[in-house]
Amino acid sequence: VVALLMSILILLLVPPLHTSKQRSMSFRPISQLMFWTLIADAIVLTWVGGQPVEHPFIQIGQAASALYFLLFIALIPSAGWAENKLLNL
């Protein structure tokens, strides 16, 4: 139940964690990769949610959930930081 609540509340952290100086994703390839990773992760989580609670699906769901939270907490902000560094080169 806590993970369900946190999966929604983590979306409130997206605006403060946006660290990129360039607003458009047209010229930010790392952010594009993170975006499509998030889309693929959402598709996997949706698929796993419809499967029976059995051995391989439990591990796939746990890994996809961990990736979901890791994307928002660490990978997307670090992608913005890295793109800012690349922009200054």
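The values are calculated or read from the model by the stated rules, or taken from the named source; none is laboratory data. Bear in mind the structure is a predicted one, so any value in this text is a computation, not a measurement. Note that we place each Cβ from the backbone using ideal geometry, even for glycine, and neighbour counts take in every protein chain shown.
What to note about this one:
- The single condition from (1) free of Cβ contacts under 8 Å to residues at least 40 places away in the same chain; (2) in contact with a helix residue (DSSP H, G or I) (Cβ under 7 Å, 6 or more places away or on another chain) that E83 fails is (1).
- Residues in segment 26-47 that are among the β-branched types (V, I, T) and either in contact (Cβ under 8 Å) with a residue 60 or more places away in the chain or closer than 11 Å to Y68 by Cβ (or both): T37, V44.
- Cβ-Cβ contacts under 9 Å between residues 6 or more apart (or on different chains), taken from a first residue in segment 58-71 that is more than 13 Å from W47 (Cα to Cα) and among the small types (G, A, S) to a second residue that is modelled with pLDDT of 95 or more and loosely packed, with under 15 Cβ neighbours inside 10 Å, are absent.
- Annotation note: of T19, T37, the sole residue that is at pLDDT 95 or above and either within 27 Å of A3 (Cα to Cα) or out of contact with any Leu (no Cβ under 9 Å at 6 or more places or on another chain) (or both) is T37.
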